[in-house]
Amino acid sequence: MKRMTCALVGALAIGSAAHATELSIATGGTGGVYFPYGGGVAEVINRHVEDFTATAEVTGASVENMNLIATFESDMALALADTVYAAFNGTGPFEGAPIEEARTMIAIYPNAVQIVTLADSGITSLDDLRGQRVSVGAPGSGTEVSAQTLLEANGITYDDFTPERLNFNETADALRDGDIAAGFWSVGPPTSSIMNLAATRSIAIIPLTEEEIANAIEAEPTFAAYTLPAGTYEGVDVDVPSISTPNVIAVHAEMDEELVYAITKAIFDHVDELIAIHPAANDTTVEFTLTSSPIPLHPGSIRYFEEIGAEIPDRLRP
């Protein structure tokens, strides 16, 4: 939806449009969770929000998605909380160009940082990445933002290894073919690209130490300690300590309040439809939004939460 449509959506909104208005949902690559989850949100809108349809779009993920929101090239954007926070405040990849009009519609699930290598690589720690060829995620992705923050918080820079900027499917293929030694995923587990890799190669996921986790959280307060359960992927039979970052659906402050309210209500009323598409949606709850959103909520979301009697923290009011 372009800027004009976004600004005029109140005139086109629910119950008054002769034809359904198309909404664009910026997601990520097909090998992650963003794309199927965004497709699920599109289906909820198509079924339950009158006069609107939606389509999930393949993108470079979080950083690109926030810019798509800012320029009105997308209506909704799935993005990592640290990237959303940086965009809102004009830091990191958004230095000098803050997206102050960004708002959270809902928070959806936590992304776990998963550092994958082949079981026989000899890489067992973060420090072992030095001197290796490592995928840090697609250009413009929240995975790269998280990877770089985690590494630098623990004294490792891109000068210490050879970074490759590959999307999830490309990272899995490069690991399978021996072209890289390890790869970063920041994604809701389980994710198809790692599952497919584990079906053809024996994999290991590099654990983080308590000190490494504490260093990362000190550098990026939106990080939280996370344990990847044993058995999440074939051959990974032990719990793996790591970090996670909440994901949100971000929208522009100018998006029509009635529309945001209708989508928010439809998602929470029909979250079972999302869970049927991907288990990450088990974390799509009102409580998760109110504890995990890194920036203020859109007024349409606030209206829904107030209607159901939820207590909204002051920090989430624009």
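Annotations
- Here Gly131 clears all of (1) farther than 25 Å from Leu175 by Cβ; (2) without any contact (Cβ under 8 Å) to a residue 40 or more places away in the chain; (3) surrounded by fewer than 17 Cβ atoms within 10 Å (Cβ to Cβ) except the condition numbered (1).
- Residue check, Thr289 in contact with a strand residue (DSSP E or B) (Cβ under 8 Å, 6 or more places away or on another chain) and in contact (Cβ under 8 Å) with a residue 24 or more places away in the chain: yes
- Region 239-248, subset within 21 Å of Leu290 (Cβ to Cβ) and not small (Gly, Ala, Ser), residue modelled with the highest pLDDT: Val248
- Being without any contact (Cβ under 8 Å) to a residue 60 or more places away in the chain and either buried (at least 18 other Cβ atoms within 10 Å of the Cβ) or closer than 17 Å to Tyr34 by Cβ (or both) holds for only one residue in Ile249, Ile213, and it is Ile213.
- Filter result for Gly131 (outside any helix (DSSP H, G or I) and more than 25 Å from Thr91 (Cα to Cα)): yes
- For region 263-270, the condition holds for no residue, the condition being that it is exposed (fewer than 14 other Cβ atoms within 10 Å of the Cβ) and not charged (D, E, K, R).
- Scan of region 113-128 for residues that are outside any loop (DSSP other than H, G, I, E, B), touching a strand residue (DSSP E or B) at 6+ places or on another chain (Cβ under 7 Å) and surrounded by fewer than 22 Cβ atoms within 10 Å (Cβ to Cβ), ordered by number: Leu118
- If you go through region 296-307 and keep only what is out of contact with any helix residue (DSSP H, G or I) (no Cβ under 7 Å at 6 or more places or on another chain) and either farther than 20 Å from Phe88 by Cα or surrounded by fewer than 20 Cβ atoms within 10 Å (Cβ to Cβ) (or both), you end up with Glu306, Glu307.
- Taking every residue in region 74-103 that is assigned by TED's automatic domain parsing to the domain that holds Val58 and farther than 20 Å from Glu57 by Cα and pairing it with any residue that is surrounded by fewer than 18 Cβ atoms within 10 Å (Cβ to Cβ) and β-branched (Val, Ile, Thr), at least 6 positions away or on another chain, the pairs with Cβ-Cβ distances below 9 Å are Tyr85/Thr91; Pro98/Thr91.
- Check on Gly90, farther than 21 Å from Asp272 by Cα, at pLDDT below 95 and not basic (Lys, Arg): no
- Put simply, of Thr284, Thr227, Thr245 the only residue that is among the hydroxyl-bearing types (Ser, Thr, Tyr) and more than 30 Å from Leu118 (Cα to Cα) is Thr284.
- Meets criteria (buried (at least 21 other Cβ atoms within 10 Å of the Cβ), in contact with a Phe, Trp or Tyr (Cβ under 7 Å, 6 or more places away or on another chain), within 11 Å of Met105 (Cβ to Cβ) and among the hydroxyl-bearing types (Ser, Thr, Tyr)) for Thr284: no
- Test: Thr59 is over 24 Å from Glu218 (Cβ atoms) and within 14 Å of the chain's Cα centre (by Cα): yes
- All conditions in (1) out of contact with any helix residue (DSSP H, G or I) (no Cβ under 8 Å at 6 or more places or on another chain); (2) over 19 Å from Ala276 (Cα atoms) hold for Gly28, with the sole exception of (1).
- Wholly enclosed strands (runs of 3 or more DSSP E) of region 152-238 bearing at least 2 residues at pLDDT 95 or above and at negative phi: 162-164, 182-187, 203-205
The values are calculated or read from the model by the stated rules, or taken from the named source; none is laboratory data. Note that the coordinates shown come from a computational prediction; the quantities given were computed from them, not determined experimentally. Backbone-built Cβ (ideal geometry, glycine too); neighbour counts: all protein chains shown.
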